[in-house]
Amino acid sequence: MWNYQLECFECHTQHSERDPGFRCAKCGGLLEVRFELEGRKIPWKRRQLSVWKYRELLPVHRNQPITTLFEGGTGLHHCQRLGKRLSLRKLYVKNEGENPTGSFKDRGMTVAVSKARELGKRRVICASTGNTSASLSAYAARAGMECTVFIPQGKVASGKMLQVLMHAAKIVQVKGNFDQALDAVVRLTEKKKEFYLMNSLNPFRLEGQKTLAFEVVDQLNGRAPDTIVFPVGNGGNSSAAWKGFKEFHELDIVKDRPRMMGIQAEGAAPIVRAFKQKRKRIRPVTNPQTVATAIRIGSPVNAPKVLNALNESEGLAEMVKDSEILNAQRELARLEGIFVEPASAASIAGLEKLLQAGQIERSDLIVCVTTGHGLKDPSVANSFQSPGYTLNIGDLSSLTALEKSL
Ligand code: F0G
């Protein structure tokens, strides 16, 4: 591991990683890990693609045993059929649903849980719209840690609930939304220091998530995409990826940096509104609503980081309707064989909208990040009763009868 500091994203005050809490003691800003990159040479060229390929750029000490389920190394799929539909030649999907628990969260959890072990923590906790809790409960099980998850009652997709139940985490359902659950967990961890917070306020988790950017560059043989599109909830994943692209740029591994596009659902789009109105601060949405429950977030904690990523990269933000999300989900599944959950399809829906508005060049090399597997949220199956889908009955009495079902 190379040297790093833990510092405030806003005022750059340095903090000890042994300090409890993930807010700057001076200004209340978000914390960030900063590696000293000057003069560094990359030692990892020949290693297999995975989160831990980039170990030198991850804040876990070398003699620390890591907790891993083999995360990262997800496919970067050239999507020619969907690309043709959108008049794009260079459209790729980075499918994070291929991670061990089915979402990008695993990149962060392998690092954050390993770090928690290094710091001697025994109890981990998070609030979640589903995937964070599914991932944390798996990694905590593997590390033999006690795990508690706070979830908004009735608003977590059933596949994710099943994962948490299987991994035997303690589940606390709150009568409220994700923002309220997170606020409660943050206040709880401030009071009860034995609980270690694993939400994206934890800067070590975001270090794992930045490896998505490293992999994309590696998979594109040393170039960055022109444009990369993310679904945005709390803004942790997109801002972590931007940090990754910047680090590779600083290390001279890549010459360019992509334009970052952040997509939210219309009913939960405080980042998009702040970006479009050129505001530095978001106005929280008090009652966020969307079919994409993973990004049903009204008060994103990483807003300063993601707004910075969108601005610094000269990127864009856009919001999409639930119907556009569900259409994009089906298109990706039918044309490319890639089944993602609704939140993930927001990146495809957002791309379509930005293309129609002429805000992205069709000659660009574009990567859409799909964040979670489609099987996590079987509730969309309900829409298959609508016209246009037929479930034929096979008559087994004779081959002739059976042929009628074709
Ligand atoms: N896509 C999926 C499938 C997610 O689960 C999330 C976040 C996001 C996108 C947004 O990522 O918050 O880093 O901007 N899910 C969190 C959770 C909130 O609790 O599982 P972000």
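When the residues of the stretch 171-189 are filtered to those that are more than 16 Å from the ligand (Cβ to nearest atom) and open to solvent by 100 Å² or more (accessible area, probe 1.4 Å), the one that is nearest to Val156 (Cα to Cα) is Lys175.
Look at (1) within 15 Å of the ligand (Cβ to nearest atom); (2) in a loop (DSSP other than H, G, I, E, B); (3) among the aliphatic types (A, V, I, L, M) and you find that Leu406 fails only one, number (1).
If a residue must be open to solvent by less than 30 Å² (accessible area, probe 1.4 Å) and either within 15 Å of the ligand (Cβ to nearest atom) or out of contact with any strand residue (DSSP E or B) (no Cβ under 8 Å at 6 or more places or on another chain) (or both), how many such residues does the stretch 111-128 contain? Matching residues across the stretch 111-128 total 9. For the stretch 217-239, the tally of residues that are over 18 Å from Asn311 (Cβ atoms) and either surrounded by fewer than 22 Cβ atoms within 10 Å (Cβ to Cβ) or away from the ligand (no atom under 16 Å from the Cβ) (or both) stands at 8. Need the failing condition index for Leu136 against (1) away from the ligand (no atom under 15 Å from the Cβ); (2) open to solvent by less than 10 Å² (accessible area, probe 1.4 Å); (3) not basic (Lys, Arg), just the number. Leu136 satisfies every listed condition except (1).
Quick check on the stretch 328-356: of everything there that is within 14 Å of the ligand (Cβ to nearest atom) and touching an Asp or Glu at 6+ places or on another chain (Cβ under 6 Å), which residue is nearest to Phe230 (Cα to Cα)? That would be Gly350. Looking only at the stretch 64-98, filter to residues that are of a type in the set (Lys, Arg) and closer than 17 Å to Val340 by Cβ; which one of those is nearest to the ligand (Cβ to nearest atom)? Restricting to residues being of a type in the set (Lys, Arg) and closer than 17 Å to Val340 by Cβ, the top hit is Lys94.
Step by step: first the residues of the stretch 354-371, then only those that are part of a loop (DSSP other than H, G, I, E, B) and of a type in the set (A, V, I, L, M, F, W, C), then the one that is nearest to Ala213 (Cα to Cα). Which residue is that? The selected residue is Leu365.
When we screen Val306, Val301 for residues that are crowded, with 20+ Cβ neighbours inside 10 Å and either part of a helix (DSSP H, G or I) or among the acidic types (Asp, Glu) (or both), the only hit is Val306. Checked against the criteria, Lys175 counts as modelled with pLDDT of 95 or more and either more than 20 Å from the chain's Cα centre (by Cα) or small (Gly, Ala, Ser) (or both).
Are any of the residues in the stretch 149-160 more than 13 Å from the ligand (Cβ to nearest atom) and charged (D, E, K, R)?
no
Name the single residue, out of those in the stretch 263-281 being outside any helix (DSSP H, G or I) and in contact (Cβ under 8 Å) with a residue 24 or more places away in the chain, that is most open to solvent (accessible area, probe 1.4 Å). Of everything passing the filter in the stretch 263-281, Lys280 is most open to solvent (accessible area, probe 1.4 Å).
Checked against the criterion of being open to solvent by 50 Å² or more (accessible area, probe 1.4 Å), assigned to a loop (DSSP other than H, G, I, E, B) and without any contact (Cβ under 8 Å) to a residue 24 or more places away in the chain, the candidates Pro43, Pro65 yield just one match: Pro43.
Just one of (1) assigned to a helix (DSSP H, G or I); (2) open to solvent by 20 Å² or more (accessible area, probe 1.4 Å); (3) in contact with a Leu (Cβ under 9 Å, 6 or more places away or on another chain) trips up Pro100, so point out which. In the conditions (1) assigned to a helix (DSSP H, G or I); (2) open to solvent by 20 Å² or more (accessible area, probe 1.4 Å); (3) in contact with a Leu (Cβ under 9 Å, 6 or more places away or on another chain), Pro100 misses (1) alone.
I need the full set of residues from the stretch 10-26 which are of a type outside the set (Phe, Trp, Tyr) and either under 22 Å from Leu307 (Cα atoms) or at pLDDT 90 or above (or both), in order please. Write out each step before concluding.
Filtering the stretch 10-26 for residues of a type outside the set (Phe, Trp, Tyr) gives 10-21, 23-26.
Selection gives Glu10, Cys11, His12, Thr13, Gln14, His15, Ser16, Glu17, Arg23, Cys24, Ala25, Lys26.
The values are calculated or read from the model by the stated rules, or taken from the named source; none is laboratory data. These figures come from a predicted structure and were not determined experimentally. Because the Cβ atoms are built from the backbone with ideal geometry, glycine has one as well, and the counts that use them run over all protein chains shown. Side chains are part of the model used for accessible areas, which takes the heavy atoms of the whole protein and leaves out ligands, DNA and RNA. Shrake-Rupley method; radii C 1.70, N 1.55, O 1.52, S 1.80 Å.
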